Amino acid sequence: MYEGLLKQYQEYLPITEKTPQIALAEGNTPLIPLKNLSKELGINLYGKYEGLNPTGSFKDRGMVMAVAKAVEDGAKAIICASTGNTSAAAAAYATRAGIKAYVVIPDGKIAMGKLAQAIAYGADIISIPGNFDEALKAVRDIAETEAVALVNSVNPYRLEGQKTAAFEICEQLEKAPDVLAIPVGNAGNISAYWKGFKEWHEKKGTDLPRMHGFEAEGAAAIVKGEVIEEPETVATAIRIGNPASWKLAEAARDESNGYIDSVTDEEILNAYRKVAAQEGVFVEPGSAASLAGVIQHVENGRIKPGETVVTVFTGNGLKDPDTAINETDIKINKMSDLEDMRRHLREGVASL
Ligand code: F0G
């Protein structure tokens with residue numbers, strides 16, 4: 001039975017006999033061949049569907065590791081700043097470990113599904129008037145003086161857990177892809193994947209991908225080379241103007257001969273609709289930034305025809321029902337009776 005990534009990859013992780021087992025069977029997510037989009041784009045495209053983790057995002061990989069180590073070190077409480085997914089994962093694993101989670105979120109800019117999770121898992125939810133960057137600064141200060149363990153991705157255990165997604169991709173493909181496309185927010189995940197690919201290559205000789213990271217245009221600090229004071233994007237998960245792992249992300253880009261580029265909200269929403277409507281894979285807008293980037297890079301030649309590309313779908317579409325409803329043309333056919341329905345179906349089926 002699969003018991004989660006701490007068991008699966010224990011020899012690659014900082015685990016001791018004292019590390020508590022708080023697994024929710026996280027990891028082991030599917031690598032889905034995106035056949036229709038592959039054909040359209042002329043590449044071999046796969047989606048690493050991290051939205052199928054227990055709290056619906058890749059954050060579970062890092063959080064199971066970070067919370068286990070915090071508990072091992074005697075912590076009774078953890079704290080994080082979050083655009084939503086980190087708070088959901090922190091809340092779930094804290095509950096699992098029997099400790100308290102404090103989650104600090106930017107006021108009004110968090111998708112409802114994520115907030116619902118933090119509430120359900122029983123976190124202490126703190127909202128501040130500022131954005132994610134200000135929330136992160138606040139929790140870093142607080143963790144200096146108070147008896148709480150900081151579990152944002154500045155905690156190195158987070159990246160250790162998250163690097164396992166790169167291991168899985170190499171195992172699933174039986175090699176590294178040519179290109180790994182990934183959304184960039186606080187820039188922890190791109191750094192974790194690169195670490196994972198390098199470690200797996202060293203052990204198994206699987207080769208290395210080029211890392212193609214994508215920020216939202218209104219929050220593209222790394223691309224523009226400057227802190228964005230007031231980041232704005234429909235992809236609230238990556239609405240971040242001063243990424244904590246900025247330097248690590250640039251190293252991943254440069255060492256791998258990759259790119260960090262930006263995608264507009266329009267490109268993000270186009271990719272968001274496309275992957276649901278053409279492949280049956282529902283991802284949250286922040287996750288669609290990677291597919292938007294793949295489309296852009298096929299068009300401008302940064303991805304070559306026939307290349308094997310993995311796009312990371314970091315979070316589940318169900319996390320953000322408001323965007324799903326507001327950004328899509330909704331057509332609901334109201335029927336008054338069975339006859340009405342029968343007529344509607346006959347017309348529809350006849351036109352197929
Ligand atoms: N995709 C999703 C769905 C996210 O929630 C995040 C980050 C990212 C991509 C970007 O990853 O920060 O490692 O570059 N969400 C954080 C949060 C900031 O608080 O949930 P990153």
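The values are calculated or read from the model by the stated rules, or taken from the named source; none is laboratory data. A quick note: this is a predicted structure, and the numbers were derived from the prediction, not measured. No Cβ is skipped: glycine too gets one built from the backbone with ideal geometry, and neighbour counts run over all protein chains shown. SASA here: full protein model, heavy atoms, side chains in, ligands and nucleic acids out. Shrake-Rupley method; radii C 1.70, N 1.55, O 1.52, S 1.80 Å.
Listed by chain and number, the lysines whose alpha-carbon sits under 22 Å from that of LYS224, ignoring those within fewer than 8 places in the same chain, are LYS137, LYS247. With a/c under 1.5 counting as rounded, go ahead and sort region 58-150 into rounded, prolate or oblate using the C-alpha gyration tensor (a ≥ b ≥ c being the square roots of the eigenvalues; past the cut-off, prolate if a/b is larger than b/c, else oblate). Oblate, since a/c reaches 1.5 and b/c is not below a/b. May I ask which of LYS48/LYS334; LYS69/LYS198; LYS304/LYS331; LYS109/LYS334 have a Cα-Cα span longer than 30 Å here? With Cα atoms farther than 30 Å apart: LYS48/LYS334; LYS304/LYS331; LYS109/LYS334. Rounded to the nearest 20, the size of the Cβ-charge dipole of the chain about its Cα centre is 740 debye, with Lys and Arg at +1 and Asp and Glu at -1. TRP194 exposes around 10 Å² of accessible area when a 1.4 Å probe is run over every protein chain in place.
Amide H to amide H, with H built 1.01 Å from N, ILE128 comes under 5 Å of ILE105, ASP107, counting only residues 5 or more places away or on other chains. Fully extending the segment from MET335 to GLU134, taken as 0.36 nm per residue of separation minus the present Cα-Cα distance, adds 67.4 nm. When the residues ILE190, ILE99, ILE330 are ordered by accessible surface, computed with a 1.4 Å probe over the protein chains alone, the sequence from largest down reads ILE330, ILE99, ILE190. Per residue, the accessible area of region 58-150 comes to 38 Å² when a 1.4 Å probe rolls over the protein heavy atoms. Here region 198-216 is scanned for amide nitrogen atoms under 20 Å from the site 7 Å beyond the Cα of ASN300 along Cα-to-Cβ, giving 210-216. Note on LYS100: aspartates and glutamates with a C-alpha under 16 Å away, same-chain residues under 8 apart excluded, are GLU72, ASP73, ASP124, GLU146. Simple rule: put +1 on each Lys or Arg Cβ and -1 on each Asp or Glu Cβ in region 220-344, find the dipole, and look at GLY280, VAL263, ILE325; the Cα lying farthest toward the positive end is GLY280. Using 1/(1 + (r/R0)^6) with R0 = 25 angstrom and r between the beta carbons of GLU146 and ASP107, what's the FRET efficiency to the nearest 0.05? Given R0 = 25 Å and the Cβ-Cβ separation, E is 0.70.
In the chain, helical runs assigned H by DSSP with n ≥ 4 each contribute -39500 (n - 2.57); averaged across all residues and rounded to the nearest 500, the mean residue ellipticity at 222 nm is -13500 deg cm²/dmol. Applying D = kT/(6 pi eta Rh) to the chain, where Rh is the Kirkwood radius over alpha-carbon pairs, T corresponds to 25 °C and eta to 0.890 mPa s, the Stokes-Einstein value obtained is 119 µm²/s. For the chain, take the longest principal axis of its alpha carbons; what is the angle in degrees between that and the long axis of helix 265-279, to the nearest 10 within 0 to 90? With both axes taken from Cα atoms, the answer is about 70 degrees. Under the criterion of Cα pairs below 8 Å and six or more residues apart, the relative contact order for the chain equals 19 percent. In terms of the mean number of neighbouring beta-carbon atoms within 10 Å, the peptides 201-208, 307-314 order highest first as 307-314, 201-208.
So, in Å, what gap is there between the alpha-carbon centers of region 186-210 and region 24-87? What the calculation gives is 16 Å, centre to centre. For a straight C-alpha distance cut-off of 16 angstrom, the lysines reachable from LYS114 (same-chain residues fewer than eight places away being disregarded) are LYS59, LYS319. 3J(HN,Hα) couplings calculated from phi for region 30-37 with the Karplus curve 6.51 cos²θ - 1.76 cosθ + 1.60 (θ = phi - 60°) are, in sequence order, x, 9, 9, x, 9, 5, 5, 5 Hz; Gly and Pro show x. Pick from GLY258, GLY286, GLY74: which is most flexible by mean-square fluctuation in a GNM of the chain where alpha carbon atoms under 10 Å apart are linked? Highest fluctuation of the listed residues: GLY74. Computed across region 254-325, the Kirkwood radius stands at 12.8 Å (inverse of mean 1/r, all Cα pairs).
Among beta bridges from DSSP that stay inside the chain, the antiparallel ones total about 15%.
Could you look at the chain and say what percent of its accessible area is carbon and sulfur, using a 1.4 Å probe and all protein chains? Looking at the chain in its full context, I get 50 percent from C and S.
The slack in the chain from ALA277 to GLU3, taken as 0.36 nm per residue of separation less the alpha-carbon distance, amounts to 95.4 nm. Just checking the listed ones, ILE332, ILE22, ILE110: in the Gaussian network model of the chain with Cα springs under 10 Å, the one fluctuating most is ILE332.
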